[in-house]
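See below for the structure under consideration.
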Amino acid sequence: MRRLFLVGILLMPQLGVAADDVATFAAFYQPSGVVNWLLISLVAVAAGAAIIFSGGTASPAVAAIGSWVGGTMGLSGAAATKAGLALLGGGAIASGGFGIVGGTALLTAALTFSTEVVFDYSLGTLYAKYQYHDLVERSKNLTTLPLPRSTVGLENRIDALDGLDDVDQEKPLLAPGNIELIRKAIAGLERAAKGGELDEDDMARAHSLSSLLLLITNDYEGAREHAGRAMAVTANLGLASTLPAFIYATAGLYDERFDWQSSGIGYFRASLVGEPDNKLIPLLVTIYADRLSLRMDDGSVGPESLASLRALVNDPVLEKFRTVNLVGLTGRYFVRLKLAQQKIGALAMSNSEVIQSDRRSISVLDKALADYAALLKGAESTLSDLKGANLSREDGHRIQVFWKLLLDYSRDRDRLAGLVTEFRERQAPNRALTSAEPSAEGGSLTALVGGLLWLLLVPVAVVKAWRAMKKP
């Protein structure tokens with residue numbers, strides 16, 4: 001990427017990028033002279049997830065909201081709509097009991113209130129389970145970071161990095177041909193890092209770039225490993241490492257045993273507040289929130305995770321992006337409210353005898369109802385934060401649409417609680433509750449009893465057969 005690197009060098013004095021920025025967003029995403037390049041990149045990486053993957057387009061009302069959100073970022077037309085829908089959660093997908101629901105279909109349902117059950121809930125995933133490869137597969141259509149604009153001088157030593165210039169920008173990054181070029185660059189970086197020829201500054205750059213490219217290719221385990229190495233080197237150098245911190249936090253969401261409170265949100269916070277003028281911040285929040293939604297689907301985290309994001313985007317250091325981030329977070333709340341509403345309606349009103357008799361059903365319903373209440377509270381707090389922001393009259397009018405929507409969801413809470421109560425009452429007389437998936441203990445006991453019966457019955461059968469043979 002020599003031509004991009006040269007442009008970065010020429011622009012560096014005007015941009016105020018320090019020479020010791022070896023592991024920051026500024027180091028790898030030098031604007032190329034186009035003022036809104038970073039925003040255009042957001043549109044490029046979000047368009048497929050927000051519109052194409054959903055299998056359709058947003059309703060006119062929802063598209064208008066998307067256009068407004070994109071407009072607050074300085075975009076217009078179709079670009080504004082696509083970017084706005086992505087920030088609101090249109091690039092995310094729902095699963096964990098719902099199969100796969102496209103982002104725009106889900107966002108449209110969430111922002112146009114109805115009590116109708118439109119998403120089927122599957123008994124087979126009554127309890128969603130963690131599966132790394134499943135998470136990776138579902139992430140392939142989520143928003144992600146664009147390719148770097150600079151390889152910070154590493155291309156002078158690693159020829160494979162020049163291949164990134166040949167990536168077809170008209171196709172998805174993971175399209176055949178593109179993915180091979182990216183993987184070739186990753187292999188070149190790994191060989192250089194192991195060769196012992198790089199000094200500490202270049203080692204930090206190499207590990208940072210490796211983690212970025214691995215994140216783009218959805219190799220989250222590899223991305224986290226290289227991000228951790230980059231942070232270790234930069235810590236020794238006393239330099240900032242905002243890019244690796246973001247990747248470490250995001251990739252950490254794919255760890256089965258990730259600790260949200262102690263590390264997940266902490267590294268993400270460091271990546272934002274450590275570089276508060278980074279124009280990619282709205283995209284970073286979107287990328288992180290999309291993947292956080294996957295872990296909300298499998299029950300690893302609950303509504304409290306969105307509350308932590310709300311506290312972060314309200315940090316005074318991030319004031320420049322506060323409004324757009326809060327609007328995006330509001331969209332996430334409504335998406336989760338819709339999913340909780342649909343889960344309660346689909347299960348509580350199901351005529352399936354299996355669901356009616358499964359002892360876990362009422363637990364799932366109680367949890368969904370509790371989440372619904374927490375989400376209502378979180379959405380109200382987020383809208384209150386927006387109300388206190390310095391909004392134009394038009395923006396204030398747009399926010400009123402969200403307040404009306406929140407009122408509709410709030411009024412629906414009593415109906416949902418009634419559905420859960422009715423289900424509990426129907427299930428109470430049934431004392432022979434079952435479980436669709438026998439526990440490990442139950443399975444072991446069944447196997448033991450079956451084995452003993454086998455040992456008792458086989459000798460009896462043998463004796464009867466022998467006596468029958470002895471008869472004339």
Residue in segment 424-439 that is at pLDDT below 95, assigned to a helix (DSSP H, G or I), of a type outside the set (K, R) and assigned by TED's automatic domain parsing to the domain that holds L318 present: yes
Extreme residue, nearest to D199 (Cα to Cα), among residues of segment 146-177 that are in a loop (DSSP other than H, G, I, E, B) and free of Cβ contacts under 8 Å to residues at least 24 places away in the same chain: V167
Selection count, segment 401-423, where residues are exposed (fewer than 12 other Cβ atoms within 10 Å of the Cβ) and farther than 16 Å from K338 by Cβ: 2
Helices (runs of 4 or more DSSP H) wholly inside segment 307-395 that include at least 2 residues being among the hydrophobic types (A, V, I, L, M, F, W, C) and closer than 21 Å to L405 by Cα: 322-348, 361-387
Count of segment 98-143 residues which are over 14 Å from the mean Cα position of the chain (by Cα), surrounded by fewer than 19 Cβ atoms within 10 Å (Cβ to Cβ), hydroxyl-bearing (S, T, Y) and modelled with pLDDT of 80 or more: 3
Residue check for E275: out of contact with any Leu (no Cβ under 6 Å at 6 or more places or on another chain), charged (D, E, K, R), in a helix (DSSP H, G or I) and closer than 30 Å to A26 by Cα: no
Hits in segment 276-306 (condition: more than 28 Å from G71 (Cα to Cα) and of a type in the set (K, R)): R295
Sole residue being more than 22 Å from L181 (Cα to Cα) and surrounded by fewer than 23 Cβ atoms within 10 Å (Cβ to Cβ), chosen from Y248, Y254: Y254
Qualifying residue in segment 291-298 (condition: assigned to a helix (DSSP H, G or I), over 30 Å from E380 (Cβ atoms) and out of contact with any Leu (no Cβ under 8 Å at 6 or more places or on another chain)): no
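Restricting attention to segment 351-366, and to residues there that are free of Cβ contacts under 8 Å to residues at least 12 places away in the same chain and under 21 Å from R415 (Cα atoms), which single residue is nearest to the chain's Cα centre (by Cα)?
Restricting to residues being free of Cβ contacts under 8 Å to residues at least 12 places away in the same chain and under 21 Å from R415 (Cα atoms), the top hit is S363.
The values are calculated or read from the model by the stated rules, or taken from the named source; none is laboratory data. Since the structure is predicted, the reported quantities are computational estimates derived from the model, not experimental observations. When we count neighbours, we look across all protein chains shown, and the Cβ atoms used for this are built from the backbone with ideal geometry, even at glycine.
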